[in-house]
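Inspection log for the structure reproduced underneath, given as structure tokens.
The values are calculated or read from the model by the stated rules, or taken from the named source; none is laboratory data. This one's a predicted model, so the numbers in the text were calculated from it and none came from an experiment. Please note: Cβ atoms are built from the backbone with ideal geometry, for glycine as well, and neighbour counts cover all protein chains shown. Surface accessibility is based on the protein's heavy atoms, side chains included, excluding ligands, DNA and RNA. Shrake-Rupley method; radii C 1.70, N 1.55, O 1.52, S 1.80 Å.
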Amino acid sequence: SDLVDERASHAGVGAGDVYVAFEKFNVTTGGITLIACTNATLSCSTPIIISNTSPEFGSVDAHVQVRPDGNITVTYVDQNSPPSNTIHFVMCKPSGAPKAPVCSAPTVVANESQALGSSIFGSLSGLNMPVFTAARHADRLESGGATVTTFVVWDRCQTTFGNPSPGSFATCLNAQVVMSASSDGGATWSAPVAVNSSPGHQFFPWVSTDASTGTVNIVYYNTAPDFFHKRIAVTLNQIAAGGTTVGAPIGITSSPAPWDADPTQNPFAIGFDYHFGMKARGIGTAGHSRVYTSFTSTADRRAVYSGSPLPEQNNNLQRLMY
């Protein structure tokens, strides 16, 4: 992932710099890699490895953010022997691109013993798509400006089908998005709590802070609105300023849509691009904050074939005001 330090020019070291975090696959020198670049000329630092372990199946799913104080935060997933994952967090101090940031050792957000992964019957019951546990995070400046709280969300399996053989994933009957928070720079983390305890599957989360109000927004795919838990909707939960309690679900999309309705899709979900992104922005006044979600959906049925509506897979952009 990549992100721009949005602080105003001359606000501090690294203001305006661009950071890129990615997975470098190499038997001896691979791992989660971070690069700092100048915004104007894209003059970039030497890539630095910020992960410090060699999990059996690699470190993946790097996600980078910049705190309001300019510190860089990165989360990633260590894929251990299935169904075990470890969610890691790293904080770095900016040096001013093209100099590389200086990073602390990774800390453990959580050891996830029921991670999502591909099984013989599919990752999620009723959905023929491979889903792997992914982590995303957002930072929030607290009142007074002395503390920053980091929120990490990821998807896991709440209830498995049967008992998988060692080193393999089970088909999941109830995927769940969970959240953990830290207010001490990642040194300690709260026990994970469910974002949504509804039946069905909640998966592929994203999180973003509306800095103008301090509201943290969490979005994800959700099959709960569908009686048979096969069609997916997009759902939002919010955490109010100053707190860590997750609020009630809010529908981003009004009705669930089948992910596989496009007849041109590969029957094994290779054609589903899992695109999901979200940003929250505002001006500090109620009713003027916005959540923008970008996701894959077949809900758009404007395509017509031989006079009949034909669902097709598209990237959708949805706005919610609050």
Worksheet entry | Candidate lysines for bridging to K24, where Cα separation is under 20 Å - those fewer than 8 sequence places away on the same chain excluded | K99
Worksheet entry | Bins of 20 Å, starting at 0 and running to the largest distance - Cα pair percent for the chain | 31, 58, 11, 0
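Excluding D210 itself, what net charge comes from residues whose Cβ is under 10 Å from its Cβ, given Lys and Arg +1 and Asp and Glu -1?
Details: positive: R140, K279, R281, R290; negative: none.
That works out to +4.
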Item to complete: Would you work out which of P83, L124, S51 lies farthest towards the positive end of the dipole of region 48-136? Charges go on Cβ: Lys and Arg +1, Asp and Glu -1.
Response: S51
Discussion item. Largest first, please: the extent of the C-alpha atoms of region 109-158 along each principal axis, to the nearest Å.
Written reply: 51, 19, 13
Worksheet entry | Test item: Cα-centred dipole of region 197-322, Lys/Arg +1 and Asp/Glu -1 on Cβ, debye | 280
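For a quick protection proxy, order the peptides 165-173, 204-212 by their average other-Cβ count within 10 Å, most packed first.
Numbers: 165-173: 16.9, 204-212: 22.4.
Top to bottom by mean Cβ count within 10 Å: 204-212, 165-173.
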Worksheet entry | Sorted peptide list for 69-77, 190-198, criterion being average Cβ within 10 angstrom, highest first | 69-77, 190-198
Worksheet entry | Alpha-carbon Rg/Rh ratio, for region 78-118, with Rh computed the Kirkwood way | 1.21
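Sort the following peptides by mean Cβ neighbour count (other Cβ atoms within 10 Å, averaged over residues), highest first: 233-243, 277-287, 174-184.
On the way: 233-243: 19.3, 277-287: 14.5, 174-184: 21.6.
Put in order of decreasing packing, that is 174-184, 233-243, 277-287.
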Worksheet item: Hey, what's region 70-116 come to in accessible area per residue, 1.4 Å probe, Å²?
Response: 32
Worksheet entry | Phi-based couplings in Hz for region 242-259 (Karplus 6.51, -1.76, 1.60; Gly and Pro marked x) | x, x, 10, 7, 7, x, 5, x, 10, x, 7, 9, 7, 8, x, 10, x, 5
Worksheet item: Of all the accessible heavy-atom surface of the chain, with the other protein chains kept in place and a 1.4 Å probe, what percent is carbon and sulfur?
Response: 56
Item to complete: Order the following by accessible area, largest value first: E312, E6, E142. Probe radius 1.4 Å; ligands, DNA and RNA are ignored.
Response: E6, E312, E142
Discussion item. Treating only the Cα positions of region 128-287 as identical point scatterers, give the base-10 log of I(q)/I(0) from the Debye formula at each q in 0.10, 0.11, 0.16, 0.18 Å⁻¹.
Written reply: -0.41, -0.49, -0.95, -1.13
Practice prompt. Taking just the C-alpha trace of region 57-182, give me its Rg and Dmax in Å.
Written response: 16.8, 52
Practice prompt. Return the sequence-ordered ³J(HN,Hα) values of region 8-19 in whole Hz as given by the Karplus equation 6.51 cos²θ - 1.76 cosθ + 1.60 applied to θ = phi - 60°, using x for Gly and Pro.
Written response: 4, 3, 6, 6, x, 4, x, 4, x, 6, 10, 10
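Provide R156, R140, R302 ordered by accessible surface of protein heavy atoms (probe 1.4 Å), highest first. Please report the intermediate quantities before stating the final value.
On the way: R156 40, R140 5, R302 190 Å².
Putting R156, R140, R302 in descending order of accessible area: R302, R156, R140.
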Worksheet item: Between F228 and A191, what length in nm is gained on full extension when 0.36 nm per residue of separation is reduced by their alpha carbon distance?
Response: 10.2 nm
Worksheet item: Given the alpha-carbon gyration tensor of region 26-99, what are the semi-axes of its equivalent ellipsoid in whole angstrom, ordered largest first, with each equal to the square root of 5 times an eigenvalue?
Response: 26, 14, 8
